[in-house]
Amino acid sequence: MITTKVHRITRPNADVVVLHLRFPSGVRAKFQAGQYLKVLMEDGDSRNYSMANPPHESDGVQLHIRHVPGGRFSEGVLAGLEKGHALTVELPYGEFSLDEEVDHPVILLGTGTGMAPLKSIIEDQIKRGGSRPMHLYWGARNSQDLYLADLPAQWAKRLPAFIFTPVLSEPEPGWSGRTGWVHRTVLEDYPDLSAHQVYACGNPIMTTAALNDLTAEGQLSPDAFYCDAFVPSGEIQPKI
Ligand SMILES: Cc1cc2nc3c(=O)[nH]c(=O)nc-3n(C[C@H](O)[C@H](O)[C@H](O)COP(=O)(O)OP(=O)(O)OC[C@H]3O[C@@H](n4cnc5c(N)ncnc54)[C@H](O)[C@@H]3O)c2cc1C
């Protein structure tokens, strides 16, 4: 358990808060890119949030928190947080990390704040000089929801084989990019995924549909599908 201090709070759009927490001086937390932590509330109840920073930035954590209407943490607690406030976290949790034992090309598939662990994985690969081909698909309703839209272009300059495809389900007039369901866009681009690994994160409806469709129609091996579904607290992860 670590008592962190709120270092910075930014609101890149109306729905998302980026929360930077600092560890006490001298404390460094070990985690793998893609893992998550538990934020503990005063009565011991907790919420899970994925680390968005890569592990080498170990003096704190960056969390991307989507507003859930009426949500105890994402609305109630978050609204009262200010720089300097204490927040207790426990980490690391989860097995959503890049499988380093193989070098298959990677599809990263996220919706909304499902970008958080994918950002950690990508920035970790940049730090390690990784060369695996990576194609990031980020699904959102409209371009406002792509709250870190400038980052992928920076990653593309630093990762040799990195491609970014944003996909909007409710595009505004003038959008000239891809539209529809993000996992269906993957299938359009990669009808044969038998040599790929897929890492899917975010909305549980998307992660379940991605598992079903990519394995049934895209020849993806179920063993090559890794996922963190952002299920509400108390619900269990869908089975792979
Ligand atoms: C492994 C894991 C990692 C996660 N990482 C992140 C992350 O990085 N960023 C992030 O924003 N969220 C993440 N989540 C979701 C997060 O843990 C909370 O469930 C979410 O923030 C809602 O908490 P709350 O206290 O605000 O709402 P609650 O008080 O728990 O819920 C309020 C109401 O909203 C419903 N609800 C709760 N969550 C959702 C949801 N996701 N979609 C729709 N309805 C919901 C509940 O059923 C309830 O009716 C993750 C979840 C898991 C399991």
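One line per residue, one yes/no per condition, for (1) aliphatic (A, V, I, L, M); (2) touching a Ser or Thr at 6+ places or on another chain (Cβ under 6 Å):
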| site | (1), (2) |
| --- | --- |
| Gly76 | no, no |
| Leu91 | yes, no |
| Glu95 | no, no |
| Glu101 | no, no |
| Pro105 | no, no |
| Gly110 | no, no |
| Thr113 | no, no |
| Ala116 | yes, yes |
* Structure fact -> Of the residues in segment 78-112, those that are among the aromatic types (Phe, Trp, Tyr) and more than 16 Å from the ligand (Cβ to nearest atom) come to none
* Consider only pairs whose beta carbons are under 9 Å apart and that are at least six residues apart or on different chains; among these, list those whose first residue lies in segment 14-36 and is farther than 13 Å from Asn53 by Cα and open to solvent by 20 Å² or more (accessible area, probe 1.4 Å) and whose second residue is in a loop (DSSP other than H, G, I, E, B) and modelled with pLDDT of 95 or more. => Ala14/His67; Asp15/His67; Asp15/Tyr147
* Structure fact -> Going through segment 181-215 in order, the residues found to be more than 20 Å from the chain's Cα centre (by Cα), in a loop (DSSP other than H, G, I, E, B) and within 25 Å of Ser50 (Cβ to Cβ) are Tyr190, Leu193
* Which residues, counting only those in segment 175-212, are of a type in the set (Phe, Trp, Tyr), closer than 26 Å to Val102 by Cβ and open to solvent by 10 Å² or more (accessible area, probe 1.4 Å)? -> Tyr190
* To do: Name every residue in segment 126-162 that is surrounded by fewer than 17 Cβ atoms within 10 Å (Cβ to Cβ) and farther than 22 Å from His64 by Cα, in order of residue number.
  => Arg128, Gly129, Ser131, Pro133, Lys157, Arg158, Pro160, Ala161
* Only one of these conditions is not met by Glu123: (1) surrounded by fewer than 23 Cβ atoms within 10 Å (Cβ to Cβ); (2) under 21 Å from Tyr190 (Cβ atoms). Which number is it? -> (2)
* Asked: Which pairs have Cβ atoms under 7 Å, sit 6 or more apart or on different chains, and link a residue in segment 152-169 that is closer than 13 Å to Gln125 by Cβ to one that is of a type in the set (S, T, N, Q)?
  -> Leu159/Gln125; Pro160/Ser131; Ala161/Ser131
* Quick one: would you say Glu75 is within 10 Å of the ligand (Cβ to nearest atom) and open to solvent by 60 Å² or more (accessible area, probe 1.4 Å)? -> yes
* Going through segment 198-240 one residue at a time, which ones are within 9 Å of the ligand (Cβ to nearest atom) and touching a Gly at 6+ places or on another chain (Cβ under 7 Å)? -> Cys201, Gly202, Asn203, Asp228, Phe230
* Asked: Out of (1) more than 16 Å from the ligand (Cβ to nearest atom); (2) in the same structural domain as Ala14 (by TED's automatic domain parsing); (3) basic (Lys, Arg), the odd one out for Lys127 is which?
  -> (2)
* Name the one entry in Leu40, Leu118, Leu91 that is touching a residue at least 40 places away in the same chain (Cβ under 8 Å) and under 20 Å from Ala210 (Cα atoms). => Leu118
* Asked: Somewhere in segment 102-110, is a residue open to solvent by less than 10 Å² (accessible area, probe 1.4 Å), out of contact with any His (no Cβ under 9 Å at 6 or more places or on another chain), in contact (Cβ under 8 Å) with a residue 24 or more places away in the chain and not hydrophobic (A, V, I, L, M, F, W, C)?
  -> yes
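The values are calculated or read from the model by the stated rules, or taken from the named source; none is laboratory data. Quick caveat, the model's predicted, so the values are computed rather than measured. Glycine also receives a Cβ, built like all others from the backbone with ideal geometry; neighbour counts cover every protein chain displayed. Ligands, DNA and RNA are excluded from the accessible area calculation, which covers all protein heavy atoms including side chains. Shrake-Rupley method; radii C 1.70, N 1.55, O 1.52, S 1.80 Å.
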